[in-house]
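A short worksheet on the structure shown next.
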Amino acid sequence: MTDLGMNLGAAEAEALASAHGTPYYLYDLDAALAHLAALRGSLPDAVELLYCVKANGNRRVLEAFRPHVAGLDLSSAGELDMAVAAGYDPKHMSIAGPGKTVSELERCVDGGVQIVSLESLAELGRLGAVTRARGKRQDVTLRINPIETPKEFAMRMGGGASQFGVPEEEAEAALDAVLAEPGVRLVGIHIYAGTQCLEERALVENMQGSLAIAARLAAARDLSPEVVNLGGGFGIPYFAGQAAVDTPALGRAIGQAIVQFRADNPRFQKTRFVFELGRFLIGRYGAYVSRVTEIKQTRGKRFVILDGGMHHCFPATGNFGQLVKKNYPVRNLTRDTDGADVIEPANEPQELCGPLCTPMDSMARGVRIARAEPGDLVGFFASGAYSFAASPLLFLSHDTPIELLKLGGDVTVARERMPATRFW
């Protein structure tokens, strides 16, 4: 049986479909918060966890995480507005991302965002002009693109030529420029090398490499950083053969490494060590559920046509950064009555497709789940992060899926279904 991170059986799936229609998303925040508590409980007090809004920016999801995280990692001024609406204080937010415009920087400075992570010297120039015009001084970190990134990271933002951060070999000169700008105050270093790593050892080694860079730069410029943002990159299993990270064990290993680092580097005794996590906190705790509308047997192949597809859950198609297309965890919820994986080798493979007029709308290929029939409900798991918001929701003018949230055992509407006419 595959550990999907959340439970969704036939009866509950059908009850939600009857009450709210299909397709729908379900986010199990009870399971997500239990997972977060397991991580938080294994880390020392010097470590802070930020929730990455980009992973799942549903306002109700943000509200559920608010009492349990130190703050938010933002990627746009729009996310800032959403976060404030969800009750977060900008004093507990940082914003990163290349190409921040003057308008975005103005909104961050005027809104009181705690930290702006600088991605380039050109961005430093834009931010400095904004703050000096307002007679303000903005706290910043300098984002470093490390020379090396472990191979275990499925997607890398560092280790090569990149739009992210300042190259490690240019970092000291960049620090001098930041320190010379009167409109900003350097409070620390930000290093985010890559993401979607499932190896505990690689995650710890990557963190230790980032700490070594921070130590070298701090010593070179006689700095005592208030914060070292270590990024994240903690992965979740999507495909067959992948196992989930042992969360408490990872937390303990991180904690031990940071305790040792502080013992070896006295200038970091008061430093806050930050991890910005999104996918790891919510990704495994979401499911996208669609109903079978038709079975099409053609030229020796069995197609299962669903009422939802890539316009709602684009990453499941394999077109969202996968080099080799693989199937997400998927189940026929209607016929998978005991919650176990139902593999029927005698059945012919099935291809699960959405209703869109494009061959890209193939949600799973060659799957041998319980044989689907019209009316069945099919669930795509590991869909809590980079799913709804990472999909072409306006493509072909279908309605958006409704989003549901489970918290305290109750399921409520987190975002209503929106008709295409709303966007006209």
Item to complete: Could you grab the pairs with beta carbons closer than 7 Å, sequence gap of 6+ or different chains, first residue in segment 286-307 and touching a residue at least 24 places away in the same chain (Cβ under 8 Å), second one loosely packed, with under 12 Cβ neighbours inside 10 Å and not in a loop (DSSP other than H, G, I, E, B)?
Response: 303/296; 305/296
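Based on this model, can you work out whether residue 246 counts as out of contact with any His (no Cβ under 8 Å at 6 or more places or on another chain), in the same structural domain as residue 199 (by TED's automatic domain parsing), closer than 28 Å to residue 165 by Cα and surrounded by fewer than 20 Cβ atoms within 10 Å (Cβ to Cβ)?
Working: out of contact with any His (no Cβ under 8 Å at 6 or more places or on another chain): yes; in the same structural domain as residue 199 (by TED's automatic domain parsing): yes; closer than 28 Å to residue 165 by Cα: no; surrounded by fewer than 20 Cβ atoms within 10 Å (Cβ to Cβ): yes.
No.
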Discussion item. Residues to consider are 292, 342, 367; find the one that is modelled with pLDDT of 95 or more and either among the aliphatic types (A, V, I, L, M) or on the phi > 0 side of the Ramachandran plot (or both).
Written reply: 292
Fill in: Wholly within segment 343-424, strands (runs of 3 or more DSSP E) carrying at least 1 residues that are assigned by TED's automatic domain parsing to the domain that holds residue 305 and hydroxyl-bearing (Ser, Thr, Tyr)
362-367, 410-415
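Against the condition farther than 14 Å from residue 188 by Cβ and modelled with pLDDT under 95, how does residue 239 come out, does it pass?
On the way: farther than 14 Å from residue 188 by Cβ: yes; modelled with pLDDT under 95: yes.
Judged against the criteria, residue 239 is a match.
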Worksheet item: In the list 238, 192, which residue meets the criterion of being in contact with a Ser or Thr (Cβ under 9 Å, 6 or more places away or on another chain) and surrounded by 16 or more Cβ atoms within 10 Å (Cβ to Cβ)?
Response: 192
Item to complete: Among the residues of segment 380-402, count how many are within 18 Å of residue 13 (Cα to Cα) and surrounded by fewer than 23 Cβ atoms within 10 Å (Cβ to Cβ).
Response: 1
Discussion item. Can you say whether residue 292 is outside any helix (DSSP H, G or I), hydrophobic (A, V, I, L, M, F, W, C) and surrounded by fewer than 21 Cβ atoms within 10 Å (Cβ to Cβ), as far as the supplied structure shows?
Written reply: yes
Discussion item. Just to verify a result, which residue in segment 256-289, among those that are closer than 17 Å to residue 333 by Cα and of a type in the set (A, V, I, L, M), is surrounded by the most Cβ atoms within 10 Å (Cβ to Cβ)?
Written reply: 287
Discussion item. Please go through (1) touching a residue at least 40 places away in the same chain (Cβ under 8 Å); (2) part of a helix (DSSP H, G or I); (3) more than 30 Å from residue 105 (Cα to Cα) for residue 263 and return the number of the only condition it doesn't satisfy.
Written reply: (1)
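Where residues in segment 155-189 are assigned to a loop (DSSP other than H, G, I, E, B) and modelled with pLDDT of 95 or more, which of them is nearest to residue 145 (Cα to Cα)? Lay out the reasoning, then the answer.
Of segment 155-189, the ones assigned to a loop (DSSP other than H, G, I, E, B) are 157-165, 181-183.
Keeping just the survivors that are modelled with pLDDT of 95 or more gives 181-183.
On the way: 181: 21, 182: 24, 183: 24 Å.
Among them, the one singled out is 181.
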Worksheet entry | Residues of segment 23-74 satisfying the condition of being under 21 Å from residue 313 (Cβ atoms), out of contact with any Asp or Glu (no Cβ under 9 Å at 6 or more places or on another chain) and assigned to a loop (DSSP other than H, G, I, E, B) | 56
Worksheet item: Which residues, taken from segment 120-142, are closer than 11 Å to residue 185 by Cβ and surrounded by fewer than 18 Cβ atoms within 10 Å (Cβ to Cβ)?
Response: 136, 137, 139
Worksheet entry | Hey, residue 102 free of Cβ contacts under 8 Å to residues at least 40 places away in the same chain, under 30 Å from residue 24 (Cβ atoms) and surrounded by fewer than 19 Cβ atoms within 10 Å (Cβ to Cβ) or not | no
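Can you find even one residue in segment 79-88 that is among the β-branched types (Val, Ile, Thr) and crowded, with 18+ Cβ neighbours inside 10 Å? Can you show your working first?
Taking segment 79-88 as the starting set, the residues that turn out to be among the β-branched types (Val, Ile, Thr) are 84.
Filter once more, keeping what is crowded, with 18+ Cβ neighbours inside 10 Å: none.
There is no residue in segment 79-88 that is among the β-branched types (Val, Ile, Thr) and crowded, with 18+ Cβ neighbours inside 10 Å.
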Worksheet item: Quick one: what pairs do we get from segment 17-35, first residue within 14 Å of residue 410 (Cα to Cα), second at pLDDT below 95 and of a type in the set (A, V, I, L, M), C-beta under 6 Å, 6+ apart or different chains?
Response: 28/6; 31/6
Fill in: Residue that is surrounded by the fewest Cβ atoms within 10 Å (Cβ to Cβ) [pool: residues in segment 295-331 that are in a loop (DSSP other than H, G, I, E, B), more than 20 Å from the chain's Cα centre (by Cα) and modelled with pLDDT of 95 or more]
307
Discussion item. Here is a check on your reading of the model: is residue 26 at pLDDT 95 or above and buried (at least 22 other Cβ atoms within 10 Å of the Cβ)?
Written reply: yes
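The values are calculated or read from the model by the stated rules, or taken from the named source; none is laboratory data. Worth saying up front: this structure is predicted, and the values here are computed from it rather than measured. Using ideal geometry, Cβ is built from the backbone for each residue, glycine included, and neighbour counts are taken over all protein chains shown.
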